[in-house]
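Enquirer: Have a look at this one.
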Amino acid sequence: MSNDLYYRATHDALTSLANRALFYDSLRQQLARAARSHDHVAVVNIDMDGLKVINDNCGHRAGDAAIRQVASRIAGGLRTEDLAARLGGDEFGLILVGVRDRDSVVDKCADLASAIRAPFEFEGRTLPLGASIGFALWPEDGHDMEQLIELADQAMYKVKRGRRGAAGALHR
């Protein structure tokens, strides 16, 4: 497969982040590597807050611009060895490799939430951006990839339910 075809098959067209298929493949590889090296891996789930309001009030062009902006802010806050993916709609997944401990992941997620909350202008209008963030840590929270993804998702939804309308919290 040519490089261009491979890229299109493994990356999201709107954001240029990895897509769901590449995310799952990379997570399998990183968990296997971590098991051999006794490292930690964090699975982070990020869901944008307020995208429906942006789409409803400003149109889908503004919504797409907001998704691209959040993707850019997420990618800008990661190390080269980490992976950010757009999993669908307004949901993003991260693989943070070689993390020290739970507190370091909490700090990284807080930094990402803060970056996402920064003002965003689209065609002269300032639009609010925010995100709910949850994570699970391998091996402490589990060894199974699906279990880690589910725990990160549950943590993110716990945040979202706990503060509807507030921006940028995290939990785990």
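Enquirer: Considering every residue within the range 46-54, establish whether at least one is charged (D, E, K, R) and more than 17 Å from the chain's Cα centre (by Cα). Working first, answer last.
Expert: From the range 46-54, those charged (D, E, K, R) are 47, 49, 52; that's our starting set.
Next, from what is left, pick out any that are more than 17 Å from the chain's Cα centre (by Cα): 52.
Yes, that holds for at least one residue.
Enquirer: Report, by residue number, each residue of the range 1-28 that is closer than 20 Å to ILE67 by Cβ and open to solvent by 90 Å² or more (accessible area, probe 1.4 Å).
Expert: Correct list: TYR7, ARG8, ALA13, ARG20.
Enquirer: Listed residues PHE135, PHE120; which is under 12 Å from ILE46 (Cα atoms) and of a type in the set (Phe, Trp, Tyr)? Talk me through it step by step, then tell me what you get.
Expert: Details: PHE120 fails: under 12 Å from ILE46 (Cα atoms).
The conditions single out PHE135.
Enquirer: Shifting gears a bit: Restricting to strands (runs of 3 or more DSSP E) lying wholly in the range 58-172: which have 1 or more residues that are open to solvent by less than 40 Å² (accessible area, probe 1.4 Å), without any contact (Cβ under 8 Å) to a residue 12 or more places away in the chain and not aromatic (Phe, Trp, Tyr)? Please lay out each step first, then the result.
Expert: Values: elements: 83-88, 91-97, 120-122, 125-127, 130-138.
By residue number, no strands (runs of 3 or more DSSP E) qualify.
The values are calculated or read from the model by the stated rules, or taken from the named source; none is laboratory data. Here the structure is a predicted model, which means the values were calculated and not measured. Neighbour counts are summed over all protein chains in view; Cβ atoms, including those assigned to glycine, are modelled from backbone coordinates with ideal geometry. Side chains included, ligands, DNA and RNA excluded: accessible areas come from the protein's heavy atoms. Shrake-Rupley method; radii C 1.70, N 1.55, O 1.52, S 1.80 Å.
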